[in-house]
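A.B. asks: Just dropping this structure here.
The values are calculated or read from the model by the stated rules, or taken from the named source; none is laboratory data. Quick caveat: nothing in here was measured; it's all calculated off a predicted structure. When we count neighbours, we look across all protein chains shown, and the Cβ atoms used for this are built from the backbone with ideal geometry, even at glycine.
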Amino acid sequence: AQSVTQLDSHVSVSEGTPVLLRCNYSSSYSPSLFWYVQHPNKGLQLLLKYTSAATLVKGINGFEAEFKKSETSFHLTKPSAHMSDAAEYFCVVSDRNDYKLSFGAGTTVTVRA
Amino acid sequence: EAGVAQSPRYKIIEKRQSVAFWCNPISGHATLYWYQQILGQGPKLLIQFQNNGVVDDSQLPKDRFSAERLKGVDSTLKIQPAKLEDSAVYLCASSSDGIEAFFGQGTRLTVV
């Protein structure tokens, strides 16, 4: 069975500084990995996905993530935070053998002016 | 293409009442998921359908929750009777390949 651990429950950054959200996964098979963002009272929006192609994945709004199999990690980064990045972020692992999605507990991002 | 549609968007009920949520997945998507997201937590899978068959309902509280997927398309999730701890956002998602899931806007349930 697969699982995801988001290592930070809350991250606070200043506007214009880098953002790093950490995610470790556990999977018996070759996983697919995703980052979703959820703004207050909004639905889940896909930021980016890894599905066994390039290990460095670029997503929307300047976010990117790197799949590192040796470290079982899929950390999300952005070079320069914007106020609009304040939201909840979820790392998700998918097992294509049983179509199961497993969510991390989420990381709340606060951006200071 | 049209996204995953859910209704209603909001629902307030008293404890011990019943409630039903509806989901229309993206056309052609064989896999459908219902998730429960309690405030401050990540979504938790309640039930997963593959066409109209149940793949996983291990975390569905079957004494009060039920779900069905009619003809492998639309799905309804019912709670009867509701408890205060059922207050949450109920998310429906669908997938064509079991890799990427598309989520609806969710139904926010408040039990008072």
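A.B. asks: Is it the case, given these coordinates, that B:Lys62 is without any contact (Cβ under 8 Å) to a residue 24 or more places away in the chain, over 10 Å from the mean Cα position of the chain (by Cα) and farther than 16 Å from B:Arg108 by Cβ?
C.D. replies: So B:Lys62 fits the description; yes.
A.B. asks: Filter the range A:56-86 down to the residues that are crowded, with 20+ Cβ neighbours inside 10 Å, out of contact with any Gly (no Cβ under 6 Å at 6 or more places or on another chain), touching a residue at least 12 places away in the same chain (Cβ under 8 Å) and under 21 Å from A:Tyr25 (Cβ atoms) and list them by number.
C.D. replies: Passing the criteria: A:Phe63, A:Ala65, A:Phe67, A:Phe74, A:Leu76.
A.B. asks: Could you please let me know if B:Ile47 is assigned to a loop (DSSP other than H, G, I, E, B), out of contact with any Pro (no Cβ under 9 Å at 6 or more places or on another chain) and within 21 Å of A:Ser102 (Cα to Cα)?
C.D. replies: Criteria not met by B:Ile47.
A.B. asks: Can I ask one more? Within the range A:67-113, can you find the residues that are farther than 29 Å from B:Ser58 by Cα, modelled with pLDDT of 95 or more and in a strand (DSSP E or B)?
C.D. replies: Listed by number, the residues that qualify are A:His75, A:Leu76, A:Thr77, A:Lys78, A:Ala87, A:Val109, A:Thr110, A:Val111, A:Arg112.
A.B. asks: Tell me whether the range B:60-73 contains one or more residues that are within 21 Å of A:Tyr36 (Cβ to Cβ) and away from chain A (no Cβ under 11 Å).
C.D. replies: Checked against the condition, which is being within 21 Å of A:Tyr36 (Cβ to Cβ) and away from chain A (no Cβ under 11 Å), the range B:60-73 yields no hits at all.
A.B. asks: Another question about this same structure. Considering only the range A:18-39, how many residues are modelled with pLDDT of 95 or more and over 20 Å from A:Lys58 (Cβ atoms)?
C.D. replies: Residues in the range A:18-39 being modelled with pLDDT of 95 or more and over 20 Å from A:Lys58 (Cβ atoms): 1 in total.
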